[in-house]
Amino acid sequence: MPDDDPQFKDEAEERLYRSQILQAANFAEEKNYGLATRALLEAPARFRNFEWGYLLRKANPQLTVLEGEVQNIYSLAVNPDGTRLATGSEGTMARIWDAQSGQLLERLEGHVGVIESVAYSPDGKSPQAPATGLSASGTPSRGKRCWCWRGTTA
């Protein structure tokens, strides 16, 4: 029976993906960005490739896609002038990104364990990190700690 055949299921799922991509492209062309985004998000994740990301950006021009070594992101902060993003993730580095292009600008090392929270001070300056105003916290085995970085790009 074809329903039990794994190859049959894979081919059917790939056809579904292609259908969702075509549907999203048509919705985007009609400037119906909400339905285009919905079609993309419903497309099977394992087939997502360049065309999926291209259409997602086309349907959501306000989005910034972070390019590079992205892990599960637990926290995101925008610096006061809106030009930089800081992320905290399951790795031990905070990362600074260009808010417009999504390009990775800097890796900030020194944190221990998962980074659960990143924040910029409202004025962009911090007594602990006057050049960046960026701090991060996490839960290493001995309790919460706060890390502040000094730098020029954040």
*On the given criteria, is Gly110 outside any loop (DSSP other than H, G, I, E, B), in contact (Cβ under 8 Å) with a residue 12 or more places away in the chain and either touching a Pro at 6+ places or on another chain (Cβ under 6 Å) or loosely packed, with under 15 Cβ neighbours inside 10 Å (or both)?*
no
_Odd one out for Gly91, checked against (1) in the same structural domain as Val114 (by TED's automatic domain parsing); (2) in contact with a Leu (Cβ under 7 Å, 6 or more places away or on another chain)_ = (2)
_Single residue of Leu35, Leu63, Leu55 found to be modelled with pLDDT of 85 or more and in contact with a Leu (Cβ under 9 Å, 6 or more places away or on another chain)_ = Leu55
*Is at least one residue of the range 41-59 assigned to a loop (DSSP other than H, G, I, E, B), under 13 Å from the mean Cα position of the chain (by Cα) and not polar (S, T, N, Q)?*
no
*Taking the range 75-91, which residues are over 10 Å from the mean Cα position of the chain (by Cα) and either surrounded by fewer than 17 Cβ atoms within 10 Å (Cβ to Cβ) or assigned to a helix (DSSP H, G or I) (or both)?*
Val78, Pro80, Asp81, Gly82, Thr83, Glu90
*Does Gly34 satisfy the criteria of being loosely packed, with under 13 Cβ neighbours inside 10 Å, outside the structural domain of Tyr120 (by TED's automatic domain parsing) and under 15 Å from the mean Cα position of the chain (by Cα)?*
no
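The values are calculated or read from the model by the stated rules, or taken from the named source; none is laboratory data. Treat the numbers as computed from the prediction; the structure is a model and nothing was measured. Every residue, glycine as well, gets a Cβ built from its backbone with ideal geometry; the counts of neighbours run over all protein chains shown.
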